[in-house]
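Single-structure report; data block below.
Please treat every number below as a calculation from the coordinates, not as lab data. Everything numeric in this text was worked out from a predicted model, so none of it was measured. Cβ coordinates were reconstructed from backbone atoms using ideal geometry, including for glycine residues, and neighbour counts include every protein chain displayed.
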Amino acid sequence: MLSETILEMKDISKSFPGVKALDGVDFKLREGEIHALMGENGAGKSTLIKVITGVYEKDAGLITLHGKPIHFRSPQEAQNNGIGTVYQEIMLCPNLTVAENMFIGRSHTPIVNWKEMNEKAARLLDSLGIPASPIQELSTCSIAVQQMIAIARAVDMDCRILILDEPTSSLDEDEVQKLFELMRALKAQGVGIIFITHFLEQVYEISDRITVLRNGKLIGEYKTSSLPQIELISKMLGSELEDISTIRKHEPVASDAGIPVFEAVGLSSAAGVRPFDFTIHKGEVNGFAGLLGSGRSESVRAIFAADKVTGGEVRIHGKRVKIKTPLHAIKHGIGYLPEDRKGDGIIEDLSVRDNIILTLQVLKGLFKPFSLKEAEKFAEEYIKKLNIKTPTSNTPIRSLSGGNQQKVILARWLLTNLEYLILDEPTRGIDVGTKVEIQKLVIRLASGGMSLTFISSEIDEMLRTCSRLIVMKDREIVGELRGTDLTENDVMHMIAQGGKS
Amino acid sequence: MASEKAIKQKARLSNSNLLFLIASVIFVLMYLFAIISYPGSFLQFQTFFDLFNLNAPLIIMTFGLCIVMIGGGIDISIGSVCGLVTMACAVYLEKRSGSIAGAILLSMGIGILFGILHGYLIAYLEIQPFIITLSGLFLAQGLLTTLHKNPLNVTMPAFVNLRDFNIVITWLGTRNRLGVFIPCQIKPGTIIVAVLLVIFASLMKWSRFGRNVYAVGGNSHSAMMLGINVKRTKFITYVISGLTAGIAGFVYIMTTGAGNIGNAAGAEMKAIASAIMGGTLLNGGVGNLLGAPIGTLTLLVINELIRAAGVQSNFQAIVSGLLLYLFIILQSIIMSLRDRKRFTVALPPWLHLSGKGQA
């Protein structure tokens, strides 16, 4: 290759208490290259970025910039050395003009020369083909243009390396194309771009090389043109195509007969998932499969109305109902165990007991509190039933392990006599023993007549529990798989082909 | 490519300017209404100047408050600090060693001290500005009553001269019923208002500090990521607000000539109302310093109007309260209409940015 290496990272390691976030990772960025950094949650992408930009200090390894070893202590320092970062959330001020956003915080004179600043900004915007006027207030620009202005600011600070951390996640297709045009223009100027995204199609459209990380380890660096999608997916998920063998411990329960427990037509939400149809029958376990960011969580959140529902029709037992808020969903017997346990699920300072009876209390009415004795009875029953490991029912939930916190939230839902329970990544970050316990519980609940939707990043876990998999890609349902002898291979093929047909 | 002129046409009025425009239009309409209803008093230039002559302290306080509010904060101690300064000046001037220059320094010193205290606690220790400045309000009030309980008239001759000093504009005025020409008179406080207006409006528009205040008020996290020293910027806004409260205190006693426990009591609330009516948003990042006097004058004209109508004073408060509601609702309606427009209405072709439609 003619292109020169700008940034080289060798044998980078970084540990946090209890986790090895990066383990001997190599990374190389060349001049005028768009390099996609790929991996599922916890693969170490953002840790790697933060090591480059000086947010984290590396434990071991060597970083060289233009052949010289470097060691940044702050993002500011990285910026001064030509490494610009544009984050998913736009770090600009909406109430200032476009030109001000490009130059504020950089000048050393106490007086603002508006004329000169606007002229400089106009030239820069023009040279990058950004459709904005320097004197326009930033809030009047579309998100894509704002993103581009952030990039223009970085470019003007003489950056040779541009890191784009999921810049496209809130853009529509036209806006993505505009952003890509800008990226290509920068590439032509010799800027090396590190691009992080969850959208596979975008990676294939724009990138020259792909580096895949998994569980903090480097899987490899590939030329985009010579890495088929299906291989990329299997590298990200970590199972080689040939030797996928699933051990089927449980026979999935399925019954398609009769009126579905829950049925949605054309459901869509403000979180940006395309309108979709969905049904689930009594005693069925199904799942949304797809990569991170494919829209699987957004879909179930739409069912539970955890995000603002923007369209569609919902039927429960064939009767049309309105579900506009989570409370409506709960009253119709739907439960949801969220992906973000800390933010959406537990109330950290309350005791295990109070966390368990929380939803039941809401249903009963806030002004008719349970007596301590009643609450204690419920709590004890479920602590035993689900094998929750806690010193007493009065212990604050924050001192429990992740798996046990998850069981407490499960108990909370089971107490309310649900008909339909949605589990979004219930096994993430918990130990293997508890994982298996939760899977077993899912099967047991289904045979007891409950309907469940189960989502997991680990496909084999879903294959073991679900009788029907709805496959998603880029926020759209691309297909459905059913049957008892599905393999991860089938799922990955469907994800890879989905976008193309 | 689109010509630059085409791009410039597209730039919309910023929120700050829009709100300022609304405030100005409302003020002008209000004043026209006043002139039409009571030509006898409102048609006189002196009435207009008296709005400034009698309310200079309030306008000066509003300048500092506006800057704090644009930076995303609030300062409710200014009224009490202003009151404290009047009494401190009165006590000091009644001493034999007192001098006017000393009194000016004392006023600004007290104000700046409160500003530094509040700024430090709010910016560097990150405590809620409302609570901190509420404490400041009580502290200043307590100090005021401790200083001197009874009204204190300043009798120092030099000061009395200053108090009674008026700038007479010989070419502007009105004839009274007897046909005698009465020229307009402007008090020194009005001059101070004008000077401070120029200083602070320029500061906010053309200085790096001023633009940083807007950035911090718009989104303080982003401002930090953009390389702005957020804490220092916030700190300085409170120092400025303390300083203007101090200056306001001196102008107050220069107008009334006496220290009194009731001086400038509740002025902070009037200042907040004025700032909002002048187009400064409570959430920060939006506002225009020129709006500060406009807002104050609007509030005052409302009061004058009600008084001229001969309504009882308790109704004055009710009516100004209701008008404030109306004004704020109007502001938010206009702002939200504007946002919705952005999402639904497509740009007309002659404003289109890509330049394809250019002939």
(request) In whole angstrom, note down how far apart the Cα centers of the range A:181-201 and the range A:484-499 are. (result) 29
(request) Would you compute, from DSSP H runs of 4+ residues alone, the mean residue ellipticity of the protein assembly as shown at 222 nm, taking -39500 (n - 2.57) per run and dividing by the full residue count, rounded to the nearest 500? (result) -15500 deg cm²/dmol
(request) Distance check, please: which entries in A:K324/A:K440; A:K45/A:K235; A:K20/A:K440; A:K10/A:K217 exceed 20 angstrom between their Cα atoms? (result) A:K324/A:K440; A:K20/A:K440
(request) Assuming R0 = 45 Å, can you tell me the calculated FRET efficiency for the pair A:V436 and A:K10, based on Cβ-Cβ distance, to the nearest 0.05? (result) 0.70
(request) Let me have the relative contact order for chain A, percent, based on Cα pairs under 8 Å that are six or more residues apart. (result) 15
(message) Placing unit charges on C-beta atoms (Lys and Arg positive, Asp and Glu negative, everything else neutral), compute the dipole magnitude of the protein assembly as shown about its Cα centre in debye, rounded to 20.
(response) 2380
(message) Assuming 0.36 nm per residue, please report the length gained on full extension of the stretch A:T310 to A:I111 beyond their Cα-Cα distance.
(response) 66.9 nm
(request) Give the share of C-alpha pairs in each 5 angstrom bin for the range A:43-127, from 0 to the last occupied bin, in whole percents, shortest bins first. (result) 3, 11, 17, 19, 15, 13, 11, 8, 3, 0
(request) Give, rounded to the nearest 20 debye, the magnitude of the charge dipole that the range B:4-351 has about its Cα centre when Lys and Arg contribute +1 at Cβ and Asp and Glu contribute -1 at Cβ. (result) 800
(request) Could you tell me what percent of the DSSP beta bridges with both partners in the protein assembly as shown are antiparallel, to the nearest 5? (result) 60
(request) Give the total of Lys-Lys pairs in chain B with Cα-Cα distances below 20 Å; include a pair only if its members are 8 or more places apart or on different chains. (result) 8
(request) Would you mind giving the three semi-axes, in whole Å and largest first, of the ellipsoid equivalent to chain A according to its Cα gyration tensor? (result) 44, 26, 24
(message) Please rank A:C159, B:C89, fewest neighbouring Cβ atoms within 10 Å first, as an exposure proxy.
(response) A:C159, B:C89
(message) Show me the trypsin sites (Lys or Arg not before Pro) within the range A:1-74 that DSSP assigns to loop and that have at most 12 other Cβ atoms within 10 Å of their Cβ.
(response) A:R73
(request) Only Cα pairs under 8 Å and at least 6 apart count here; give the relative contact order of chain B as a rounded whole percent. (result) 34
(request) Find which of B:P157, B:F130, B:G142 sits farthest along the positive direction of the dipole of the range B:127-257, computed with +1 on the beta-carbon of Lys and Arg, -1 on that of Asp and Glu, about the Cα centre. (result) B:F130
(request) Please work out the C-alpha center-to-center distance from the range B:151-221 to the range A:27-85 and express it in whole Å. (result) 56
(message) Which residue, A:T310, A:L366, A:M157, has the largest displacement toward the positive end of the dipole of the protein assembly as shown when charges sit on each Cβ (Lys, Arg +1; Asp, Glu -1)?
(response) A:L366
(request) If a/c stays under 1.5 just call it rounded; otherwise compare a/b with b/c (prolate if a/b is bigger, oblate if not). Do that for the range B:4-351, with a ≥ b ≥ c from the square roots of the Cα gyration tensor eigenvalues. (result) oblate
(message) What distance in nm separates the two pseudo spin-label positions at A:E205 and B:L326, each 7 Å out from Cα along the beta-carbon direction?
(response) 5.3
(message) Rounded to whole Å, give me the distance from the Cα center of the range A:324-391 to that of the range B:42-93.
(response) 55
(request) Just grab the label-to-label distance for A:S371 and B:F130, each label 7 Å out from Cα along the Cβ direction, in nm (one decimal). (result) 4.1
(message) I need the shape label for the range B:37-183. Rule: rounded when a/c is under 1.5, else prolate if a/b > b/c, else oblate, with a, b, c from the alpha carbon gyration tensor.
(response) oblate
(message) If the only charges are +1 at each Lys and Arg Cβ and -1 at each Asp and Glu Cβ, what is the size of the charge dipole of the range A:262-498 around the Cα centre, to the nearest 20 debye?
(response) 880
(request) Name the long-range amide H neighbours of A:V471: under 5 Å, sequence gap of 5 or more, or other chain; modelled H, no Pro or chain starts. (result) A:A289, A:V478, A:G479, A:E480, A:L481
(request) Wrap a convex hull around the Cα atoms of the protein assembly as shown, take a quarter of its surface area, and give that in square nanometres. (result) 47.1
(request) Write down, largest first, the equivalent ellipsoid semi-axes of the range A:5-237 in whole Å, where each equals the square root of 5 times an eigenvalue of the alpha-carbon gyration tensor. (result) 31, 21, 15
(request) Using θ = phi - 60° and the Karplus relation 6.51 cos²θ - 1.76 cosθ + 1.60, list the HN-Hα couplings for the range A:310-325 in order, rounded to whole Hz, with x at every Gly or Pro. (result) 10, x, x, 10, 10, 10, 10, 6, x, 9, 5, 10, 9, 10, 10, 9
(request) Using θ = phi - 60° and the Karplus relation 6.51 cos²θ - 1.76 cosθ + 1.60, list the HN-Hα couplings for the range B:209-219 in order, rounded to whole Hz, with x at every Gly or Pro. (result) 4, x, 5, 4, 4, 4, 4, 4, x, x, 6
(message) Beyond a 27 Å Cα-Cα separation, which of these cross-linked pairs lie in this structure: A:K120/A:K178; A:K282/A:K322; A:K373/A:K407; A:K331/A:K389; A:K58/A:K120?
(response) A:K331/A:K389; A:K58/A:K120
